Amino acid sequence: MALRGGLRMETVDVYTERGDLVTCSDCGKVMLLPYGADKCPACKKEGCLVWTDESLREADIDSLLERHCNLHQKSELQPEEYLSLSILVTEYIPYLADKPQTARETLFLLLETGSLFEKYWRDTRCFQSENIYTPAIKTLLDKLDVKLREGDTIPVEYQDCRSLEDFFRVVAGERPAKEEVSFSSDKEGNYYFNGRKVKVENSDEYAYRLLKTKIQTSYRRPVDFYFRFLARFGPYGTYGNVYYPSITDLICRRYLPETAK
Ligand SMILES: [Zn+2]
């Protein structure tokens with residue numbers, strides 16, 4: 001707090017030698033954070049940092065000592081601790097894409113990025129197929145494809161709709177999945193539903209064609225087939241999969257006979 005005569009006796013949590021001097025409007029901490037920070041590392045809230053002092057936005061340790069601040073040295077931060085996801089997925093793509101260890105974690109990050117993509121659409125009213133989040137989404141799709149081909153699984157929400165009423169309740173988001181079916185692939189690009197192998201043949205004639213023990217599809221990558229026919233949400237926002245849950249149910253029933261009971 002400011003004392004009379006301009007002398008300050010604030011306690012400042014110091015995370016960097018020089019950066020932005022900010023106060024968190026949520027938890028009240030005063031911090032010296034790396035430049036561009038938009039997330040509070042103490043309470044993890046986004047969009048709540050304000051300049052502590054308009055006349056000293058950017059500061060270093062010396063300038064704080066000159067002001068007689070009480071400095072608390074903190075350990076160095078990882079980017080995700082002081083930057084929001086929307087900055088990470090536009091400015092730290094390789095770093096961020098390296099973080100998820102499993103296919104599921106990659107899928108989760110992909111869907112989070114997909115909601116940012118969709119929000120950007122709504123906010124800017126600029127409904128183009130590409131925006132600032134497209135490069136991150138493409139990178140994460142590539143990574144998810146590699147993970148799937150290594151045999152790592154992601155979930156398919158099998159709904160088992162038996163009536164039109166069921167169908168509309170799913171579309172309205174009012175019906176939980178009947179069961180989770182795991183989906184993965186292998187080096188040849190075949191599919192596995194709950195570990196059961198279904199051979200895949202690429203063919204430009206069919207978007208998909210379900211044969212007894214194999215699928216013909218024009219989609220070259222398992223990850224693209226997944227988002228086209230098996231996922232509820234698309235990688236580019238929640239308008240996502242127009243075939244959900246009808247074709248997803250059909251495919252699950254076809255290759256998981258025990259599920260269809
Ligand atoms: Zn805070």
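The values are calculated or read from the model by the stated rules, or taken from the named source; none is laboratory data. Here the structure is a predicted model, which is why all the values come from computation and not from measurement. For neighbour counting, all protein chains shown are included, and Cβ atoms are generated from backbone atoms with ideal geometry for every residue, glycine included.
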*Is one or more of the residues making up the stretch 198-220 without any contact (Cβ under 8 Å) to a residue 12 or more places away in the chain and charged (D, E, K, R)?*
yes
*For the stretch 92-112, which residues satisfy the criterion of being of a type in the set (Lys, Arg) and in contact with a Pro (Cβ under 8 Å, 6 or more places away or on another chain)?*
ARG104
*Does the stretch 22-39 contain at least one residue that is of a type in the set (S, T, N, Q), closer than 29 Å to PHE117 by Cβ and surrounded by fewer than 16 Cβ atoms within 10 Å (Cβ to Cβ)?*
yes
*Among (1) surrounded by fewer than 19 Cβ atoms within 10 Å (Cβ to Cβ); (2) within 13 Å of CYS252 (Cα to Cα), which single condition is ASP204 missing?*
(2)
*Can you name every residue in the stretch 214-253 that is surrounded by fewer than 17 Cβ atoms within 10 Å (Cβ to Cβ) and at pLDDT 90 or above?*
LYS214, SER218, ARG220, ASP224, SER246, LEU250, ARG253
*Return the total of residues in the stretch 132-176 being touching a residue at least 60 places away in the same chain (Cβ under 8 Å) and part of a loop (DSSP other than H, G, I, E, B).*
3
_Residue match in the stretch 65-77 (condition: under 22 Å from LYS99 (Cα atoms) and loosely packed, with under 15 Cβ neighbours inside 10 Å)_ = yes
